[in-house]
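Data block below; observations after.
The values are calculated or read from the model by the stated rules, or taken from the named source; none is laboratory data. Since the structure is predicted, the reported quantities are computational estimates derived from the model, not experimental observations. Cβ atoms come from the backbone with ideal geometry, glycine included; neighbour counts cover every protein chain shown. Heavy atoms of the whole protein, side chains included, go into the accessibility calculation; ligands, DNA and RNA do not. Shrake-Rupley method; radii C 1.70, N 1.55, O 1.52, S 1.80 Å.
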Amino acid sequence: MLEEFNDSTPLAERENIIECKNLNKWFGDLHVLKNVNLNVKKGEVLVVLGPSGSGKSTFIRTLNALEEIQEGTITVDGTTLSNDTSDIETIRKETGMVFQQFNLFPHMTILKNIMLAPIWVRKWPKDKVEKIALELLERVGIPEQANKYPGQLSGGQQQRVAIARALAMQPKIMLFDEPTSALDPEMIKEVLDVMKELAKTGMTMVVVTHEMNFAREVADRIVLFDFGEIIETGTPSELFDNPQHDRTKLFLSQIL
Amino acid sequence: MNQIQYEKKPLIEKPPKKKVNILEWLKDNLFSSWINTLFTIGLGILVFFVLKGTLTWVFFSADWSVVSDNFKLLLTGQYPIVELWRVWVCILLVSILLGFSGGIWNGTITHLSIFLTVLFLISGLLPFVSIESRIWNFTGVVLLVAGYYGGKKLPIKKTILLGWFLLFPITIFLLNGFDILTKVGTNLCGGFLLTLLLAIVSIVFSFPIGVLLALGRRSKLPVVKYFCIGYIEFIRGIPLITILFVAQIMLPLFLGQGLEFNNVVRAMIGMTLFNAAYLAENVRGGLQSIPRGQFEASHALGFNSSLMTFFIILPQALRTVIPAMVGQFIAIFKDTSLVTIVGLIDILGMAKTISQNPEYLGKQMELFLFVAAIFFVFCYMLSYSSRRIENSLGVGKR
Ligand SMILES: Nc1ncnc2c1ncn2[C@@H]1O[C@H](COP(=O)(O)OP(=O)(O)OP(=O)(O)O)[C@@H](O)[C@H]1O
Ligand SMILES: [Mg+2]
């Protein structure tokens, strides 16, 4: 189940799983995404950096239609987003999302949190789903918490459950929006470790984060947003060691 | 070789229990400062005189024969005596279910079954009730206790749940008969039986209607949305009495011939429509309290709106508004007494009718106190269980 994504073809030769063309989005008069063009390859780990308010969250949320766009096209795994709810649901099934605030369902046990969507959205049989859920809890390192409620877990544990919950749908793409920003420092590592493991399995990942070490170590490619635009794109070493754009240099100098 | 002896310590140490001495407790709670002492003494004197007056009246001056003579009338109105067994069967069904549920789920529901047991014991031991009533009452106690122990042992959770679902239709069938058993017209139901019927029917039906209205009010479809808003605001702008009158006079006009409802059913419809609007507003409060993240997480997992509403949003929303909803249920329960105005004789109406009988002149106090006691007991039970449920669900603690 975990190895199926691993693909030995080099990244450059693989096909795109996400294609964004000329995305434009406004919140009222505020132009938050300006002509964003970006493709993501199968199995690629793309890290999105940028200062606060630059549109990173808005961008990543357009990919599973949590935010509407006013111009441009988004194609995810062959389906082009439109107003058609069935297209939206198709794409959401194939993309898991992890939020800054975990957003677990507080009235359900951990196990139920993980099992609900596969049972009702994927319509998989319950015993199969339970097996997947327990395996995933094992993988994120908290099998003993299965029957507790989210409120009884630490932030780091909750975020790992949130990752397991997204993975239980067996998505092709995982989106992370600042998954460690709400965590106490000592819990950040346990979540990042899970994400690193996930990257090794060949999962396609789009990660908004401020964790520079993670970006350097795990990313295949980094894009830098500022004022709703992509300023610079490159591999971690290109971007960190030899930034081209002034605004990139400014951003890096502020954050490192 | 020396062996080191370790003291065995329990893994989790309980916090030390504070020993409470009565004198110390009194000092801490009642006489901690001079102003506190003043209040204690002042209120003590007040309570003493009120209690003394009330108790002397209740036990020595009051003439309770007015209640005991009319006990059956007060509780079941004109319900034919030969058919009273049906009412008892319904009560016993509730006892069995409550007993089993108390054994299975423990907690609040056990408290409720203890409560019912006490009620049975009290009413079975009243000096003036008939021998049959005593037998029914004690059967109730036996069923509750047997159910409780049965529920602890037997794996019948599903059966009991099904039982609760079927209880309502079975009760209606038994009470009315529908010509399969001898038909007892709803107009013969009176007294506390009518009060309970009105309250339960309007709670059972207004709850789902209220939830639908609350959901409809948030709908993206303008027709649905404005219909719900219009309905809720309209109903909330009218007194219940007006609605009861309208239901009595207008419903027959609207429905034309063919569909003839008697006035009890009309009152039920009126109360249901009225309370649905209030429940809708309560539920709406709950829906608004759900953080946006819950919606986003459900969408991101691929839930469509109905799955999301059913599994994620409603359960959380309803939990947060349990206290408000039970408050509304209590209001419904007490509002049933307004039906006297449209000519139905609930327990209060019955008390009033009896008090006008010259034979019982000057004994209104006893009658109305009895009615008040019955209302209080049931309302208190409702608010007590709501508080317990609230605590056990940890509302507000999240
Ligand atoms: N729902 C909304 N309505 C109006 N404006 C919004 C909304 N959401 C975001 N914005 C604005 O859009 C801009 C981009 O926001 P976004 O959340 O995408 O930034 P971000 O890069 O994720 O920032 P951060 O690092 O602080 O999370 C900000 O100026 C923000 O104030
Ligand atoms: Mg953000």
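Tabulated data for the structure shown
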read-out: Residues (buried (at least 17 other Cβ atoms within 10 Å of the Cβ) and either of a type in the set (Asp, Glu) or touching a Cys at 6+ places or on another chain (Cβ under 8 Å) (or both)) located in the stretch A:69-85; value: A:Gly72, A:Ile74, A:Asp77
read-out: Close pairs from the stretch B:306-328: first away from chain A (no Cβ under 13 Å), partner small (Gly, Ala, Ser) and buried (at least 21 other Cβ atoms within 10 Å of the Cβ), Cβ under 6 Å, at least 6 apart; value: B:Val321/B:Gly286
read-out: Some residue of the stretch A:131-140 being in contact (Cβ under 8 Å) with a residue 12 or more places away in the chain, part of a loop (DSSP other than H, G, I, E, B), buried (at least 17 other Cβ atoms within 10 Å of the Cβ) and more than 10 Å from every other protein chain (Cβ to nearest Cβ); value: yes
read-out: Residues of the stretch A:4-23 classified as open to solvent by less than 80 Å² (accessible area, probe 1.4 Å) and modelled with pLDDT under 75, total; value: 2
read-out: Filter result (touching a strand residue (DSSP E or B) at 6+ places or on another chain (Cβ under 6 Å) and within 12 Å of A:Met169 (Cα to Cα)) within the stretch A:92-143; value: A:Thr95, A:Gly96, A:Met97
read-out: Hey, A:Ile88 away from ligand 1 (no atom under 16 Å from the Cβ), more than 14 Å from chain B (Cβ to nearest Cβ) and open to solvent by less than 60 Å² (accessible area, probe 1.4 Å) or not; value: no
read-out: Verdict on A:Ala219 being within 14 Å of chain B (Cβ to nearest Cβ) and either out of contact with any Leu (no Cβ under 9 Å at 6 or more places or on another chain) or away from ligand 2 (no atom under 16 Å from the Cβ) (or both); value: no
read-out: Qualifying residue in the stretch A:27-45 (condition: touching a residue at least 12 places away in the same chain (Cβ under 8 Å), more than 10 Å from every other protein chain (Cβ to nearest Cβ), of a type in the set (Gly, Ala, Ser) and buried (at least 20 other Cβ atoms within 10 Å of the Cβ)); value: yes
read-out: Test: residue in the stretch A:20-36 that is within 16 Å of ligand 1 (Cβ to nearest atom) and within 30 Å of A:Gly151 (Cα to Cα); value: no
read-out: Any hit, the stretch B:266-275, residues being among the aromatic types (Phe, Trp, Tyr), farther than 30 Å from A:Ser86 by Cβ, surrounded by 22 or more Cβ atoms within 10 Å (Cβ to Cβ) and under 31 Å from the mean Cα position of the chain (by Cα); value: yes
read-out: Filter result for the condition that a residue is over 20 Å from A:Met205 (Cα atoms) and within 16 Å of ligand 2 (Cβ to nearest atom), over A:Gly53, A:Gly151; value: A:Gly53
read-out: Tally of residues being near ligand 1 (Cβ under 6 Å from one of its atoms), open to solvent by less than 10 Å² (accessible area, probe 1.4 Å) and within 14 Å of chain B (Cβ to nearest Cβ) across the stretch A:52-68; value: 0
read-out: Some residue of the stretch A:68-86 being within 16 Å of ligand 2 (Cβ to nearest atom) and under 22 Å from B:Ala297 (Cα atoms); value: no
read-out: Residue count, the stretch B:148-179 (criterion: in contact with a Ser or Thr (Cβ under 7 Å, 6 or more places away or on another chain) and touching a residue at least 24 places away in the same chain (Cβ under 8 Å)); value: 3
read-out: Conditions (1) farther than 20 Å from A:Trp26 by Cα; (2) within 14 Å of chain B (Cβ to nearest Cβ); (3) in contact with a His (Cβ under 9 Å, 6 or more places away or on another chain): number failed by A:Leu49; value: (2)
read-out: Given (1) open to solvent by less than 30 Å² (accessible area, probe 1.4 Å); (2) at the interface with another protein chain (Cβ under 9 Å from one of its Cβ atoms); (3) polar (S, T, N, Q), index of the condition A:Gln101 fails; value: (1)
read-out: Residue match in the stretch B:304-311 (condition: open to solvent by 50 Å² or more (accessible area, probe 1.4 Å), of a type in the set (Gly, Ala, Ser) and assigned to a helix (DSSP H, G or I)); value: yes
read-out: Some residue of the stretch B:114-133 being farther than 30 Å from B:Arg266 by Cβ, over 19 Å from the mean Cα position of the chain (by Cα), open to solvent by less than 50 Å² (accessible area, probe 1.4 Å) and β-branched (Val, Ile, Thr); value: yes
read-out: A:Ile114 being part of a loop (DSSP other than H, G, I, E, B) and either within 14 Å of chain B (Cβ to nearest Cβ) or open to solvent by 30 Å² or more (accessible area, probe 1.4 Å) (or both); value: no
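Listed here are the residues, each with its yes/no results for (1) more than 19 Å from A:Asn35 (Cα to Cα); (2) aromatic (Phe, Trp, Tyr).
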residue: A:Arg61; (1), (2): no, no
residue: A:Asn64; (1), (2): no, no
residue: A:Gly72; (1), (2): no, no
residue: A:Asn83; (1), (2): yes, no
residue: A:Gly96; (1), (2): yes, no
residue: A:Phe102; (1), (2): yes, yes
